[in-house]
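Down below is the structure, laid out as structure tokens.
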Amino acid sequence: MLELQKNKKPVGNKKVDKEANTILVGKNKFTTGIFWQPFKDLTDKQKEIKASAKFAAADLFCIKNKGIPQYGLVSSKNGYASGMPSAAAAVSALLNDKSSTVAVFKVNIGWWLLVIRNDIILPEEDKIFKDEESVKKAFVAMLTVPDWGYKICPDAWSIQDTREIAIEELLAGKYEKSNLETVDKTVMIAIAFIACVMLVGGIGAFVWSQKREELLQMQRQMEEAKRLQLQREQERKAKEAELAAKPVPPAWEKIIDPASFASNCMGYVRKNFQVFAGWKLKSIKCEQKSASIEWVRGEMGTNEWLTEDAKAKGYIPQDAEISIIGNAAKGVIQYKEGELQEISGSPSFTQPDMKTKLGKWFENYGVASPRLTDNSKTVTLKENNKSETFPYTQFIFDNPRNPENVVNLLKMFSGLEFISIKCDNINDINVKWTYEGIIYAKK
């Protein structure tokens, strides 16, 4: 709070190293960390300073005359000495063409933050920070309050509508000299006695002017801005922690249900496994996004049968793409949304165990010359840039059994996903089925 209250922690109780608030600009030394107050009555400045110094346990003061007059209080117990010039008063006078300034300067002892609002240096906003991250957060919090004349910070921070000004450049020429002076201790005792009488009588400490009320309101806005900034920072860190802990989704978390894939493929085979007025089926290949069908023209085959009549009778979907070259024809059928279901296929076996069981399966069901390849799939979670690799075994084999029977026989292998199923109509009687897919393995 701006108001000097009875229960406010005295300035003199702050433990600060002697050089903690002394900045070096060229060969000149300046002091920072001053507690600033606007005058409530300009007719007797010394009286007000001495009374305020008593409450603040301060024995040194300085006066800023440019713009709205203010006085600053400090204690010699904290390393301040009479005659030391105020950096805040000097800079505020140089930037007086605009009423409000929020600025951060790199200085020899760290980072110096100065906040001036409506020509008034805000109390406790003439301060030194030891690390860049802390002062940057304080600066950004101030920016949530609108209508700053000057917004000064390092260009390296890349904050929009700000600019960098070196403190050495700013104080290179003439500036207002506002040096620390000693408060008259004799008069302080008298003022303290009067103040005690006022407090006992319940009159109160000080009556604030309208300007001070405006400044109090601004301080409340600043505190709210800092609170919101802290809240946003906490939310950001919580979100980062949540993202960091979020696991990579397994490659087998959403795979095409093998039973749905096999049933869907059998549906197309049953519809097309016949002679269509002069056309006969050559092959059907079901893949994960579409099915392709090949026909061979007989003696009576016409183009219109495939492009019009077969679609009209429902053998081929209306939106199937049909191409005819000579006596050969090909149709591509794109699956509708939801036509193939998805499941989570948590694997049952490690790769060595799975290959052993597959070997027995191939032997039991008469599969000759199967091809097996060990591989893996890497899944990346973009939100937190985490990756994980999931092993699988890829297979290709031929079998006379239809897809629905094969899926039923393979149901012991969880994590199974078909890449393709192909039906070749060799001679209208014997059918060759070729199965290609993968089975995810435990790590």
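The values are calculated or read from the model by the stated rules, or taken from the named source; none is laboratory data. Treat the numbers as computed from the prediction; the structure is a model and nothing was measured. Every residue, glycine as well, gets a Cβ built from its backbone with ideal geometry; the counts of neighbours run over all protein chains shown.
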Could you check the stretch 96-146 and list, in sequence order, the residues that are over 26 Å from residue 26 (Cβ atoms) and among the basic types (Lys, Arg)?
117, 137
The conditions are (1) touching a strand residue (DSSP E or B) at 6+ places or on another chain (Cβ under 7 Å); (2) surrounded by fewer than 19 Cβ atoms within 10 Å (Cβ to Cβ); (3) in contact (Cβ under 8 Å) with a residue 24 or more places away in the chain, and residue 421 fails exactly one of them. Which is it?
(2)
Just the residues that are β-branched (Val, Ile, Thr) and either surrounded by fewer than 22 Cβ atoms within 10 Å (Cβ to Cβ) or farther than 13 Å from residue 32 by Cβ (or both), please, taken from the stretch 107-134.
107, 109, 116, 120, 128
Restricting attention to the stretch 67-99, which residues are of a type in the set (Val, Ile, Thr) and surrounded by fewer than 23 Cβ atoms within 10 Å (Cβ to Cβ)?
68
Here the residues within the stretch 389-402 that are modelled with pLDDT of 95 or more and surrounded by 16 or more Cβ atoms within 10 Å (Cβ to Cβ) are 390, 391, 392, 393, 395, 397
Show the residue pairs that are 6+ apart or on different chains and have beta-carbon atoms under 9 Å apart, the first residue being within the stretch 354-375 and among the small types (Gly, Ala, Ser), the second being in a helix (DSSP H, G or I) and surrounded by 15 or more Cβ atoms within 10 Å (Cβ to Cβ).
368/362
Of all residues in the stretch 52-76 being charged (D, E, K, R) and at pLDDT 90 or above, which is nearest to residue 32 (Cα to Cα)?
64
Of (1) touching a Lys or Arg at 6+ places or on another chain (Cβ under 7 Å); (2) at pLDDT 90 or above, residue 39 satisfies every one except (2)
Name the pairs: first residue in the stretch 31-54 and touching a residue at least 60 places away in the same chain (Cβ under 8 Å), second residue in a loop (DSSP other than H, G, I, E, B) and among the acidic types (Asp, Glu), Cβ to Cβ under 7 Å, at least 6 apart or on different chains?
50/184; 53/59
